[in-house]
């Protein structure tokens with residue numbers, strides 16, 4: 001185990017797993033074993049009344065409970081706040097563990113540590129550890145997509161309750177899990193019994209220790225489902241709604257430089273952060289203006305409208321928490337519905353399928369940096385929503401050091417690593433974990449990036 005030095009970044013473990021997989025059992029063990037480690041726990045229970053804390057055996061470690069909903073829907077604001085308060089007591093713990101509800105997608109939790117500068121400086125996401133119920137998980141593959149996403153995002157998988165299943169069935173289950181996520185380390189456990197150093201401080205999200213290709217990162221679950229870009233003249237407009245499924249909806253409108261997809265993507269990333277901040281309630285009949293704010297529009301459960309005041313002609317990106325079609329929502333000018341010049345839909349939280357596979361690529365040789373950047377940019381642009389995680393070690397032409405990278409959907413992080421050793425073959429090894437991945441196309445595209453000899 002690597003000792004945690006005073007002043008260093010705190011390792012954070014995200015503990016996830018479907019309902020009944022054994023998370024509370026593992027948490028009890030971690031909190032009560034005489035392991036000499038000081039661990040702060042952030043617990044998340046789905047529903048307004050938390051019950052898991054009553055099940056967690058009393059321990060010296062403090063347990064912080066988030067009980068205002070599924071962590072992957074409300075994570076950023078509350079999680080950033082709680083972690084900020086926790087770091088004020090930095091001298092009382094060496095590790096942080098975040099337990100998510102069984103219905104949570106761990107992706108947004110992990111992304112939080114890469115989107116907030118202060119958190120990135122003080123903490124490092126160490127790993128996502130997923131518990132899998134060996135006896136019952138097969139029943140959930142088809143009807144609970146959260147199960148496959150939790151597996152796809154994992155650095156460490158505990159295949160738990162193996163004592164309740166025949167060994168041959170466990171072998172088949174492990175093979176299926178391996179096909180979904182070939183990069184994760186899988187341990188078979190009974191009652192979630194496992195050496196603690198296989199869960200804490202494993203370096204699954206540490207770029208410097210990604211040399212043997214351990215998974216890295218994950219796609220954000222966007223807090224909005226739709227965005228449209230409009231070319232608007234200065235003046236007053238109307239944002240009108242019919243009756244829909246919710247009595248309120250969050251929305252944001254931002255000025256952007258041009259009405260193109262690049263600017264929309266930049267606005268998307270800014271808006272993710274905005275949605276984690278303070279909400280500004282607006283009653284029906286009132287107006288909103290383009291700004292760095294997220295408005296909570298009070299729809300009142302029926303027909304309603306809001307003014308939109310544009311002070312300067314230009315391109316504007318409108319982001320909505322739900323699809324406009326669900327409310328027959330329209331942006332109108334002088335009573336006439338306006339059509340966006342560009343629109344984009346984002347995968348809504350918890351609506352996924354389980355077509356999850358791993359595609360590994362191992363190719364000797366050096367990469368043409370420009371070709372690789374262009375290819376990877378195209379992959380992220382067109383397949384980003386379907387790529388949960390990716391990681392790799394690359395050999396770049398003209399560089400004496402290895403290049404390691406990891407990413408989740410459109411998020412990408414890479415940097416030079418150690419020098420290539422004398423006599424070591426310069427080889428590229430990378431893996432994609434995601435939905436509906438085309439192995440042949442990915443291999444073909446990557447091979448086209450190799451530098452000519």
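Any chance you could tell me what percent of the C-alpha pair distances in the range 356-447 go past 16 Å? In whole percent, the share of Cα-Cα pairs in the range 356-447 beyond 16 Å is 52. One chain, two ends: residue 231 and residue 136. Fully extended at 0.36 nm per residue, the span grows by 29.0 nm beyond their Cα-Cα distance. Calculated on the alpha-carbon coordinates, the convex hull of the range 226-345 measures out at 90 cubic angstrom per residue. Say a paramagnetic label sat at a point 7 Å from the Cα of residue 197, along Cα to Cβ; which residues of the range 122-153 have their backbone N under 20 Å from it? Answer for the range 122-153: 126-129. Residues 198, 122, 161, ranked from the fewest to the most other C-beta atoms within 10 Å, line up as 198, 122, 161. When peptides 314-327, 127-140 are sorted by average Cβ neighbour count within 10 Å, with the highest value leading, the order is 127-140, 314-327.
A Cα-only calculation for the range 128-177 places Rg and Dmax at 10.3, 27 Å. Between residue 296 and residue 334, the modelled label-to-label distance comes to 3.7 nm, taking each label 7 Å out from Cα in the direction of the beta carbon.
Say each of residue 378 and residue 278 gets a label point 7 Å from the Cα, pointing the same way as Cα to Cβ; how far apart are those two points in nm? In this crude spin-label approximation the distance works out to 4.6 nm.
Across the range 356-447, the relative contact order, built from alpha-carbon pairs under 8 Å that are at least six residues apart, equals 42 percent.
Laboratory data are not the source of any read-out in this text; all were calculated from the coordinates shown. Small disclaimer: the values here were computed from a predicted structure and weren't measured. Ideal geometry is used to build each Cβ from the backbone, glycine not excepted, and the neighbour counts take in all protein chains shown.
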